[in-house]
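Novice: I have a structure I would like to understand better, so I am pasting it below and will then ask my questions one at a time.
The values are calculated or read from the model by the stated rules, or taken from the named source; none is laboratory data. All of these numbers come straight from a predicted model, not from anything done at the bench. Cβ coordinates were reconstructed from backbone atoms using ideal geometry, including for glycine residues, and neighbour counts include every protein chain displayed. These area figures cover heavy atoms from the full protein model, side chains too; ligands, DNA and RNA do not enter into them. Shrake-Rupley method; radii C 1.70, N 1.55, O 1.52, S 1.80 Å.
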Amino acid sequence: DKAKVESTLVPGELQAGTSADGKLYGIPMSMNVKSLVFYPKKAFEAKGYKVPTTIAELEALTNQIKADGTPPWCVGIESAAATGWPATDWIEDFVLRYGGPEKYDQWVKHEIPFNDPVVVQAASEFEKLALADGNVFGGRKSVVSTNFGVAMNPMFQDPPKCFLHRQGNFITQKGFLTEKVRQNLDEEVGVFQLPGTDASTKPLLVGGDMAGAFSNDEDTKAALEFMSSPDFKFANIATATWLSAVKAFDLSNYPDETTKTVAKLAYESTESRFDGSDTMPGAVGAGSFWKDMTAWVSGQKNLDEALKDIDDSWPS
């Protein structure tokens, strides 16, 4: 019962398992929330900073932190052969916010060009917030050489080297944050949803894993029905950063308050879309999009050149 399942999930989650002709091929068995901004809770609160509810308020907070003498953002997009992917998440997040889900879907399907005005607007917002002079720890040129997995750690130095870091919820797991911070996660780490254009819209960029059926027997149906229910959870939920896409999932199952907060944000979101670069043809989503965002951030190309080159790379 597609309609019934869809009504139980974070809005938009089922779209990732649905083909262009409306056939359902998969249901989400795990969710990764990408539209998150982390901050050093104690220092943030001591400064009197407030969690923003709109993009305009996020811009104001960025300017306030900068005026107080600290680069607002920590950003890193280095990821070996996959360098550039964190920058694509920034673009996707703002395309979803400025264009809405309809324009986002058109862009991901290449029904509008890669250098459409909404994509230019999204990239310009990323640049304005996190790449402008004085806005990023280490300067813009450091962004390409800073590994994404450790980019947020300077926030937890005393005093913080930055106050804001946009990344998916997986970043709180072992191997990214320092163990000192991880062992005191709820006391050290704050998180809020990257805001939309107004406080009433709460868009969410997500990743995750889909479960698909390759047979029509009753056991398969029963397994998928269970996996799409609030009763299903990963066995290692206490140590992983696994999230259920089912809004009725019992929050008490999550191992800490930080994860509960992230899940609550997801369950209260007004719309979601699956990671665009993961949905686009591989030559673009895991190729030119990564490469040309890296070239733009590093100053090897201007934005118009980068977006045009990505558009030209789309398979015919």
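Novice: Could you check region 144-186 and list, in sequence order, the residues that are touching a residue at least 40 places away in the same chain (Cβ under 8 Å), of a type in the set (F, W, Y), farther than 16 Å from D89 by Cα and open to solvent by 30 Å² or more (accessible area, probe 1.4 Å)?
Specialist: F156
Novice: Further, regarding this structure: Within the set of pairs 6 or more residues apart or between chains, which connect a residue that is open to solvent by 60 Å² or more (accessible area, probe 1.4 Å) inside region 90-117 to a residue that is of a type in the set (V, I, T) with Cβ atoms less than 6 Å apart?
Specialist: Every condition considered, the pairs that remain are Y98/V118; K103/V118; Q106/I112.
Residue by residue, here is whether (1) touching a helix residue (DSSP H, G or I) at 6+ places or on another chain (Cβ under 7 Å); (2) not basic (K, R) holds:
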| residue | (1), (2) |
| --- | --- |
| K161 | yes, no |
| N169 | yes, yes |
| F176 | no, yes |
| K180 | no, no |
| L194 | yes, yes |
| L204 | yes, yes |
| N216 | no, yes |
| A222 | no, yes |
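Novice: Filter region 189-207 down to the residues that are open to solvent by less than 30 Å² (accessible area, probe 1.4 Å) and over 21 Å from Y39 (Cα atoms) and list them by number.
Specialist: G207 - this is the single residue of region 189-207 that is open to solvent by less than 30 Å² (accessible area, probe 1.4 Å) and over 21 Å from Y39 (Cα atoms).
Novice: Would you pick out the residues in region 1-47 that are in contact with a Pro (Cβ under 8 Å, 6 or more places away or on another chain), farther than 21 Å from K247 by Cα and open to solvent by 20 Å² or more (accessible area, probe 1.4 Å)?
Specialist: Answer for region 1-47, where residues must be in contact with a Pro (Cβ under 8 Å, 6 or more places away or on another chain), farther than 21 Å from K247 by Cα and open to solvent by 20 Å² or more (accessible area, probe 1.4 Å): just A43.
Novice: Out of all the residues in region 200-230, which are in a helix (DSSP H, G or I) and either touching a residue at least 40 places away in the same chain (Cβ under 8 Å) or not acidic (D, E) (or both)?
Specialist: Within region 200-230, T220, K221, A222, A223, L224, F226, M227 qualify.
Novice: Can I ask one more? Here are some conditions: (1) of a type in the set (A, V, I, L, M, F, W, C); (2) more than 24 Å from N32 (Cα to Cα); (3) in contact with a Ser or Thr (Cβ under 8 Å, 6 or more places away or on another chain); (4) part of a helix (DSSP H, G or I). L129 meets all but one. Which one does it not meet?
Specialist: For L129, the failing item is (2).
Novice: Scanning region 269-308 for residues that are among the charged types (D, E, K, R) and either under 17 Å from P86 (Cβ atoms) or more than 16 Å from the chain's Cα centre (by Cα) (or both), which turns out surrounded by the fewest Cβ atoms within 10 Å (Cβ to Cβ)? Please lay out each step first, then the result.
Specialist: Initially, region 269-308 is screened for residues among the charged types (D, E, K, R), giving 271, 273, 275, 278, 291-292, 301, 304-305, 308.
Keeping just the survivors that are either under 17 Å from P86 (Cβ atoms) or more than 16 Å from the chain's Cα centre (by Cα) (or both) gives 275, 278, 291-292, 301, 304-305, 308.
Details: D275: 22, D278: 17, K291: 17, D292: 26, K301: 18, D304: 11, E305: 14, K308: 16.
Once the filter is applied, the top-ranked residue is D304.
Novice: Continuing with this model, one more query. List the number of the failed condition for K128; all other conditions in (1) open to solvent by 60 Å² or more (accessible area, probe 1.4 Å); (2) farther than 25 Å from F274 by Cα hold.
Specialist: (2)
Novice: Select from region 80-114 the residues that are in a helix (DSSP H, G or I) and among the charged types (D, E, K, R) and write down the one among them that is nearest to V143 (Cα to Cα).
Specialist: Of region 80-114, the ones in a helix (DSSP H, G or I) are 80-82, 85-108.
Imposing the further condition that a residue be among the charged types (D, E, K, R) reduces the set to 89, 92-93, 97, 102-103, 105.
Numbers: D89: 14, E92: 18, D93: 18, R97: 24, E102: 31, K103: 29, D105: 28 Å.
Looking at residues that are in a helix (DSSP H, G or I) and among the charged types (D, E, K, R), I get D89.
Novice: K141 - would you say it is open to solvent by 20 Å² or more (accessible area, probe 1.4 Å), within 26 Å of D256 (Cβ to Cβ) and among the basic types (K, R)?
Specialist: On the way: open to solvent by 20 Å² or more (accessible area, probe 1.4 Å): yes; within 26 Å of D256 (Cβ to Cβ): no; among the basic types (K, R): yes.
Answer is no for this residue.
Novice: For region 231-253, enumerate the residues that are under 21 Å from R273 (Cα atoms) and either open to solvent by less than 60 Å² (accessible area, probe 1.4 Å) or not charged (D, E, K, R) (or both). So that I can check it myself, show each step before the final result.
Specialist: Step one: list which residues in region 231-253 are under 21 Å from R273 (Cα atoms), which gives 241-249.
Listed by number, the residues that qualify are T241, W242, L243, S244, A245, V246, A248, F249.
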